[in-house]
Amino acid sequence: MTAVELFNISPVVPVVVLERVADAVPLAEALLEGGVGVMEVTLRSDAALECIEAIAKVIPEMNVGAGTVITNSGTPATLAGMAFINTEEG
């Protein structure tokens, strides 16, 4: 998904750090209810990939992506169901 496509869905992309998987789906639901259909979960916690996976599975209409990714080649985030990836490589 390109940046233009993401911003066509939502002009705002919240970047979140989630420490607990239990917080992922309720947060994504609240964002959707508020009209935000895109979110980036940073890979700064041990729970991040599980959070992305839970959101993608339970709320497929949320375009969830991974951020703070060092490289986009072979990252486990691609297996977690994310819609996009934000890397230093671009």
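Observations, loosely collected:
- Within segment 1-31, the set of residues being at pLDDT 95 or above, surrounded by 14 or more Cβ atoms within 10 Å (Cβ to Cβ) and in a helix (DSSP H, G or I) comprises Val21, Asp23, Ala24, Val25, Leu27, Ala28, Glu29, Leu31.
- Residue in segment 32-46 that is over 18 Å from Leu6 (Cβ atoms), at pLDDT 95 or above and either surrounded by 18 or more Cβ atoms within 10 Å (Cβ to Cβ) or aliphatic (A, V, I, L, M) (or both) present: no
- Scanning segment 53-90 for residues that are modelled with pLDDT under 65 and charged (D, E, K, R) yields Glu88, Glu89.
The values are calculated or read from the model by the stated rules, or taken from the named source; none is laboratory data. Since we're looking at a predicted model, the values are computed, not measured. Cβ: placed from backbone, ideal geometry, glycine included. Neighbour counts: every protein chain shown.
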